[in-house]
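A short worksheet on the structure shown next.
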Amino acid sequence: MKGKTDIKNATSGVIVYKMFFSGTLFIIIIFMILFASCKKEPNTPRPDPTDNLALDSIIATKRNIAVWEEIYITAYVRGQHISFNWSTNHGSMVGKDSVTVKYWACPSCVGINTVVCMISNEYGSISDTIMITVNP
Amino acid sequence: MKHVLIFVLLLLLTKLAAGQCCSAGNPVGGDGSNEGAAKNELIIFTSYKHSLSEDYFHNGTKTEVPYIQKSYYDYNNISLTYGLFPMFSLHTELGYFIDKTQELNIDNENELIRSHGLGDLSFNIRYSAVKTVKPISQVVFSAGVRLPVGVFDEEKNGITIPMSLQPSSGALKYNASAFYFRKQPGHLFGFTGFAFFEMSKTIRKGYLIYRYGNYFQFSVAGTYALAKNVSFIANAKLELRGKDRRESEIVVESSGSRVVIFNPQLIIDLKRMWGLVLMGDIPVYKFVNGYQLTNKISFQFGIRKNISFCNSIH
């Protein structure tokens, strides 16, 4: 009877030991994973996705003008191989390079006019607007 | 002689150049003619027109403005009129701008803004209310639409060309007209009267919200038979255009005008139902609201052919 009891105790000890060992191992592995993920990465620069195509701003030399007054409007962009499309609901524009256009308005264009600049390349297209007030 | 008279009818409503602020404008009217074709008759008319605008006006006075030197266009059109029933005929017309150009001088540098392409497409139905032989007379009523099917997004160097220089007017338009012709048999003189009205729907394209003012035209003409197959028409036209409106119903003060135009025409009737026409538009009185570029002169040359399917069948 006593012998049977000893055998049972010994078996239980092995089970407890195995459970303890496997639990410890599990915790160690978890800690290793955590430490590994918290490890500081090397300081390598990543490109900003907007560098591929960005229209940061549209700047006009004046935004409140008289009829026939001539201003320049410039688009500040980032990216390569960019094509421009400028349009306005009222007024006229000419430009020898695409980044800057010359804008003026005839008498029928009095009012608050919208100038749109759309840029595009292989990454897509994006547009922005600027309002120009034309006074009589 | 009959063909000469038909030709007179055809040409008394001809294309006009509506002055706009910054360009020579678009030809006005959904009609190349106001004639009602006989049943099963097809009338083909094609013409070339050159229009020049270079005088800027402030109200009734010529004035100087910077930048704009002149504006002009070269325009081809073709129209078909088919007699569906004895009293009703259908008319369709399409134009093509060979070029529509504005010459500028900016900071002592010459610059061209130029577009080309299809203009508007028009459909009209015509009703010959009266048609008599003694005296030779005809009353024709017409109604129709002009569809902006043409080019309205032309660009140059990445810059969209201004609306007034686009080949298409960009707007759906409705028009109606009435035409009257009378001539005594054996007389050399004849008389015509014509009234035309056109109204425009609002253009909505991107940030552009714009509606052209209503357009009226009244004209009276005297016709004179110079020879058996040659006629001369002295036509006087009064054009009235209302003010345009932009977004929020804001009135465009520099729009709308009253113009009187002398429109001489020479019509030559050829054999086999062919015909030729030469005509000009010479403004004799101009009053514009605010400041606008006005038409200086235009001339047109056209060829016409009548085909009767009844005759070919018989």
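Every number in this text was worked out from the coordinates using simple rules, so none of it is lab data. In this text, all values refer to a predicted model and were calculated from it rather than measured experimentally. In this analysis, Cβ positions are derived from the backbone assuming ideal geometry, glycine residues included, and neighbour counts consider all displayed protein chains.
Across peptide A:107-117, the average count of Cβ atoms from other chains found within 10 Å of a residue's Cβ is 6.
Spin-label model, residue B:172 to residue B:114: label points 7 Å out along the Cα-to-beta-carbon direction sit 3.5 nm apart. For chain B, the normalised intensity computed at q = 0.06 Å⁻¹ comes to -0.20 (log10 of I(q)/I(0), Debye sum over alpha carbons, equal scatterers, no solvent). Translational diffusion of the stretch B:247-314, estimated by Stokes-Einstein from the Kirkwood radius over alpha carbon pairs at 37 °C in a medium of 0.692 mPa s, is 208 µm² per second. Above 23 Å, the calculated P(r) of the stretch B:48-135 contains 52 percent of its Cα-Cα pairs. Among the listed pairs B:100/B:173; B:183/B:305; B:100/B:243; A:62/B:62; B:156/B:296; A:102/B:49, a Cα-Cα separation exceeding 28 Å is found for A:62/B:62; A:102/B:49. Residues considered: B:261, B:159, B:233. Largest GNM mean-square fluctuation over chain B, using C-alpha springs under 10 Å, is found at B:159. Looking at the calculated P(r) for the stretch B:84-181, what percent of the C-alpha pair distances fall above 16 Å? Beyond 16 Å sits 67 percent of the P(r) for the stretch B:84-181. The alpha-carbon of residue B:237 sits under 20 angstrom from the alpha-carbons of these aspartates and glutamates, leaving out residues fewer than 8 places away in its chain: B:31, B:35, B:55, B:198, B:281. On C-alpha positions alone, give me the angle between the axis of helix B:2-11 and the longest principal axis of chain B, in degrees, nearest 10. Taking Cα atoms only, the helix is inclined about 20 degrees.
Spin-label model, residue A:68/residue A:27: points 7 Å from Cα along the beta carbon direction are separated by 8.9 nm.
Taking max minus min of the alpha-carbon positions on each principal axis, the stretch A:49-135 gives extents of 42, 21, 19 Å, largest first.
Residues considered: B:109, B:64, B:154. Largest GNM mean-square fluctuation over chain B, using C-alpha springs under 10 Å, is found at B:109. Note on chain B: GNM, Cα springs under 10 Å; of B:297, B:282, B:136, the largest mean-square fluctuation is that of B:136. Distance between the pseudo-spin-label points of residue B:303 and residue B:99 (7 Å out from Cα toward the beta carbon): 2.3 nm. Pairwise inverse Cα distances across the stretch A:85-136, averaged and inverted, put the Kirkwood hydrodynamic radius at 11.9 Å. Quickly estimate the mean residue ellipticity at 222 nm for chain B, helices only: each DSSP H run with n ≥ 4 gives -39500 (n - 2.57), and the total goes over all residues, rounded to 500. So the calculated ellipticity at 222 nm is -1000 deg cm²/dmol.
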